[in-house]
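The numbers here are math on the coordinates, done by the rules we state, and not lab data. In this text the structure is predicted, and so the values were computed from the model without any measurement. Cβ coordinates were reconstructed from backbone atoms using ideal geometry, including for glycine residues, and neighbour counts include every protein chain displayed.
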């Protein structure tokens, strides 16, 4: 069994993650939990886990700082980051620093977690990260860390409790590669377009189109890092039918083009 340390400052999220999946069936065991990075770092140094499932934004020491300190200590534990909608830049930096994956807390599902654990299990199959830590094998960062992004303006708990917003988010997560419009989403939840647009902005802090673009760019990053597909194919796979528009939106959200992002990751 691979040992997992769960690091999350919000109790209800921590409990949800613990209960959402049967860990043992995936070859993992929850060996400990912490509510902030300082507490987590002490646990990691004392008994390095194979996987750290870690929130990005936390008090005292955030997830990025925890990842950096873990690597500086020569500990090679795998990291998977739990991220909010507004944490895109921090998530990108975490991936550049060696995090294995990230999961959006707001739309987290059993499928997301199982796929992520399966990916980490494959990475660990060549040797235990905890064993690597004890021999001093450390991963080196590919980019310096910057301060993490702030939390979204609406609390996670408040957003999760609205059924129509949840339905929209789940629909986008499952159908991001298809033609999605405000009209189609409004029909899906059987509400007027203006009302849906205002409701989504109020509950999430961003517009529907911005959330859709962010989801598609997230999926594009996964394909850029894990496949050799050409950029135009990746754009089409995540729902951008126009190559130039895909590159424009990707650069607006990440500060770099898809090709530049991929090349930087492979350096």
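Fully extending the segment from residue 188 to residue 244, taken as 0.36 nm per residue of separation minus the present Cα-Cα distance, adds 17.2 nm.
I need the calculated FRET efficiency for the pair residue 42 and residue 178, taking r as the beta carbon distance and R₀ as 41 Å, to the nearest 0.05.
Details: r = 46 Å, r/R0 = 1.13.
That pair, residue 42 with residue 178, gives E of 0.35.
Counting only C-alpha contacts under 8 Å and six or more residues apart, can you give the relative contact order of the stretch 1-75 as a whole percent? Rounded, it is 38 percent for the stretch 1-75.
The Cα atoms of the stretch 162-265 give a gyration tensor whose axes a ≥ b ≥ c have a/c of 1.5 or more with a/b greater than b/c, which makes the shape prolate.
Note on 228, 62, 55, 177: ascending count of other Cβ atoms within 10 Å places them as 228, 177, 62, 55, the fewest first. For the pair residue 257 and residue 195, label points projected 7 Å from Cα toward Cβ lie 4.5 nm apart.
Say R0 is 25 Å: what FRET efficiency, to the nearest 0.05, do residue 125 and residue 22 get from their beta-carbon distance? Please list the in-between numbers first.
Working: r = 20 Å, r/R0 = 0.80.
For residue 125 and residue 22, the calculated efficiency is 0.80.
Here the label points at residue 12 and residue 237, each 7 Å from Cα along the C-beta direction, are separated by 3.6 nm in the simple model.
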